[in-house]
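Notes for the one structure printed next.
Since every read-out is calculated from the coordinates, none of them should be taken as a lab result. These figures come from a predicted structure and were not determined experimentally. Here the Cβ is made from the backbone with ideal geometry for all residues, glycine too, and neighbour counts use every protein chain on show.
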Amino acid sequence: MSPMSLQPGPETAALLAAGLPTPFVVVDLDVVGDRYRSLAAALPGVAVHYAVKANPDPAVLVRLVSEGSSFDVASWGEIEQCLDAGAAPSSISFGNTVKRRDVVARAHEVGIRQFAFDSRAELEKLAAAAPGSVAVCRIRCDGAGAAWPLSNKFGCAADEAVDLLRAAAAAGLELGLSFHVGSQQCDPGAWGPALADVAMVVEKLETDGLDLSVLNLGGGFGASYVDSEAPDASTYGRSIRRELERWLGGAVPPALVAEPGRYLVADAGVIQSEVLLVSRRGGGAGRWVYLDVGVFTGLFEAVGEAIRHRVRTPRDGGPSEPAVLAGPTCDSVDVLAEAHRVDLPLALAEGDRVELLGAGAYTTTYSTVGFNGFAPLASHTVGSPTSPSSSAA
C-alpha cells in the first residue's frame, strides 16, 4: 500500500488542519516526483510521458518538467499548459485519436512530432496537416483486469493496424504503434497479450521492409483504492520487460514510451470534505452520509463504484456501521458508494471533516464548472516545485 494513502506528509497534514473552505484537494509534489523516479527506474530506456488529463495543475506540470518527464496530451489546451510549464515541444506526444485538423497543424508547427490515430480518416488528416511526423496507430485492447477498460471508443484491430501503417508509410510518415491496457490496471501481466498483437504487426510490416520508430506501451499503472491495490512500479516494470523480450526480442523499436497518469498523481492527493447530513432512510435504505463533494465536483470515477476511495474521519476507532456515501447535488447519480457501503463511525455528524485518499488523479479534471451552482473542486499543492536533482544543479 502506498505510504501516502495511509498517512499524508506533514505539509499536507498542516493544510488539512488549516480549516480551508471545503471541498478541496491537496497534492504533494514531492510524492509526484518520487512516483516519477520510481517508474522511470522500473522502465529503463522507456520515455515517461505523463498523461496530462490525470491532473493538469500547473505546479504538477512544472515539477514533472524538472524531473525530466515528457507529456501525453489530448488537446491544444493541454499543449499550452505543458509549454507554459517549460516542456519542450519535442517532449510532447498528441495521444488523442480524434483531433481538430487545425489543432494538428498548430501542434506540428510548434514542433510536436508524435500523433496518435486509429482510422484511415484520421491518418489522412495527419498526412495533410503534420507531414513527416510519426503516425502512431493505436490497437485495441480488451482491458481485462482494469477498473476502466477503455476498450470501446479507442483503437483498431491488429490486422487493420497493418494496413493503416502501410498507408502511413506510403504517405511519407514515420511509423509508430500504441495500445492501452486500461486505466487502474492491477494485472501486471496485461501487457503480454497486447505485445503479442504488436509482434504480429511488426512481423507483417517487416515483410514490406517497414519498421516502427516508436512503440507506446500506454498507461494503466494504478494507485491505492479500496479492493483495488495496484502493484508497485518494480512489479510492473519486471513484467513489461519480460513480455517485451518474449514477444519482440531484438525487434524492439528504437523509441519506447509509457503514458502514466494515475500512478504519478493519485496517491499524492487527498480530498477534504465536510459532512452535510447524516440520515436514516426508511424502506430498508438505511444510513446515508452526504458530503459536500460528489460525482459532479470531482468524483466522477465513483460512478458504478469503479473507483472506491479510502475514507478517513476524525471519529475513526469508535463503533461503526456501513453507510451509503453520497454527494450534495439534487441528481440521483450523485452517489459514491451504495452497492459497497462504507463502514463509517456512528458518531460521525454534520460539520465533521472527512478525507478521501488517493484523490490526486481525475478529480479536478472531472469536476463540473458549476452544476447545481456548486463550484469546481479547489486545488492546492505542497512540496517543492522542482526536483531535488534540478535544485542541486
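General observations
- For Gly286, nonlocal amide neighbours, meaning residues 5 or more places apart or on other chains whose placed amide H falls under 5 Å from its own, are Arg281.
- Note on region 294-393: the alpha carbon radius of gyration divided by the globular reference 2.2 N^0.38 Å gives 1.30.
- Computed across region 30-263, the Kirkwood radius stands at 17.6 Å (inverse of mean 1/r, all Cα pairs).
- Counting only DSSP H runs of at least 4 residues, each contributing -39500 (n - 2.57), and dividing by the residue count of the chain, the helix-based mean residue ellipticity at 222 nm comes to -8500 deg cm²/dmol.
- Near Tyr50, the amide H atoms lying under 5 Å from its own belong to Ser70, Phe71, Asp72; only residues 5 or more places off or on other chains count, and H is placed 1.01 Å from N.
- For region 34-162: rounded, prolate or oblate by the Cα gyration tensor [a/c cutoff 1.5]: oblate
- Charged neighbours of Ala85, selected by a Cβ distance under 13 Å, balance to -4 (K, R count +1; D, E count -1).
- For the residues Ser91, Ser320, Ser69, a GNM of the chain with alpha-carbon springs under 10 Å puts the largest fluctuation on Ser320.
- Normalised by the number of residues in region 136-199, the mean separation of alpha-carbon contacts (under 8 Å, six or more apart) gives a relative contact order of 45 percent.
- Within the shell of other residues whose beta carbon sits under 12 angstrom from the beta carbon of Gly286, the net charge comes to +2, with Lys and Arg scored +1 and Asp and Glu -1.
- Cβ-Cβ FRET estimate between Arg120 and Glu80, R0 fixed at 30 Å, reported to 0.05: 0.55
- Quarter of the Cα convex hull surface for region 304-344, i.e. its orientation-mean projected area (nm²): 3.3
- Counting every other Cβ atom within 10 Å of each residue's Cβ, Thr381, Thr329 order from fewest to most as Thr329, Thr381.
- Cα shape, region 173-218, gyration tensor, a/c 1.5 rule: oblate
- Here the relative contact order of region 267-382, from alpha carbon pairs under 8 Å that lie six or more residues apart, stands at 36 percent.
- Most fluctuating residue given options Pro254, Pro89, Pro376, as computed from a GNM of the chain linking Cα atoms under 10 Å: Pro254
- Of Glu355, Glu109, Glu301, the one that fluctuates the most in a GNM where the chain has Cα springs shorter than 10 Å: Glu109
- Rg then Dmax, both in Å and based on the Cα atoms of region 124-257: 15.3, 49.
- Computed over the chain: relative contact order in percent, which uses C-alpha pairs under 8 Å that are six or more apart: 21
- Charge tally for Pro322 (other residues, Cβ to Cβ under 11 Å; Lys, Arg +1; Asp, Glu -1): -1.
- A dipole drawn for region 30-263 from +1 and -1 charges on Cβ atoms has a positive end, and of Val214, Phe115, Gln81 the residue lying farthest that way is Gln81.
- Whether region 226-340 is rounded, prolate or oblate, judged on the alpha carbon gyration tensor where a/c under 1.5 counts as rounded: prolate
- Average 1/r across all pairs of distinct alpha carbons in the chain, invert it, and you get the Kirkwood radius: 21.9 Å.
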